[in-house]
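Values in this text are rule-based calculations from the coordinates and carry no lab data. This structure is a prediction, so every number in the text was calculated from the model and none was measured. Positions of Cβ are generated from backbone atoms using ideal geometry, with glycine treated the same way; all protein chains shown enter the neighbour counts.
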Amino acid sequence: MKALFHLAYHVTDLDAARRFYGGVLGCREGRSTATWVDFDFFGHQLSLHRGEPFKTTNTGHVGEHLVPMPHLGLVLQRADWEALAQRLRAAGVEFVLEPQLRFAGQPGEQWTMFFRDPCGNPIEVKGFESLDSLYAA
């Protein structure tokens, strides 16, 4: 069964969201109205609605770090992850957690980075040498 996820959440500024998700992240814009806009978020539907973003806290204990919870996540092949990290740096995006290797030499070894969109919504992007190792235990 092929399935795509759909996630909808609030942003305070649709124009800033368009510049970030469309321009910085490279997501294709879909349908929109005066109060929301859809994006093709790496093959999934992300709907951004004007409103107050959800509250987050740095309570996700992963490795040696506390990360923002809840957060949107994305998993990429390592080469695509590195290209995205370079795009984010070039755009001057401030990282919550700088791009880095996590769980080196262990099952589930991954590269990770955390950042926020212009409205404060946290996003994690993970990179794996092979997506087949995503659920390695």
Relative contact order (%) - criterion: Cα under 8 Å, at least six apart; region: the chain: 22
Footprinting exposure proxy for 56, 112 (fewest neighbouring C-beta atoms within 10 Å first): 56, 112
Modelled label reach - residue 19, point 7 Å along Cα→Cβ, region 47-69 residues with backbone N closer than 20 Å: 48-53
Nearest-0.05 FRET efficiency for residue 32 and residue 7, computed from C-beta distance (R0 22 Å): 0.85
Using alpha-carbon coordinates, inclination of helix 78-90 to the longest axis of the chain, degrees: 50
Region 6-50: C-alpha gyration tensor shape, a/c 1.5 cut-off, then a/b vs b/c: oblate
Long-range HN-HN contacts of residue 27 with modeled amide H, under 5 Å: 22
Helix-only CD estimate at 222 nm, as mean residue ellipticity for the chain, using -39500 (n - 2.57) per DSSP H run (n ≥ 4): -3500 deg cm²/dmol
Gyration tensor verdict on region 57-133 (Cα atoms; rounded if a/c is under 1.5, prolate if a/b is larger than b/c, oblate otherwise): oblate
Ascending count of other beta-carbon atoms within 10 Å, so fewest first, for 55, 2: 2, 55
Table column - 3J(HN,Hα) (Hz), region 102-115, Karplus curve with 6.51, -1.76, 1.60, x for Gly and Pro: 10, 6, 4, x, 10, x, x, 3, 7, 9, 9, 7, 10, 8
Karplus (6.51, -1.76, 1.60) ³J(HN,Hα), θ = phi - 60°, over region 117-125, in Hz, Gly and Pro reported as x: 6, x, 9, x, 6, x, 9, 10, 10
Order of 130, 32 - criterion: other Cβ atoms within 10 Å of each residue's Cβ, fewest first: 130, 32
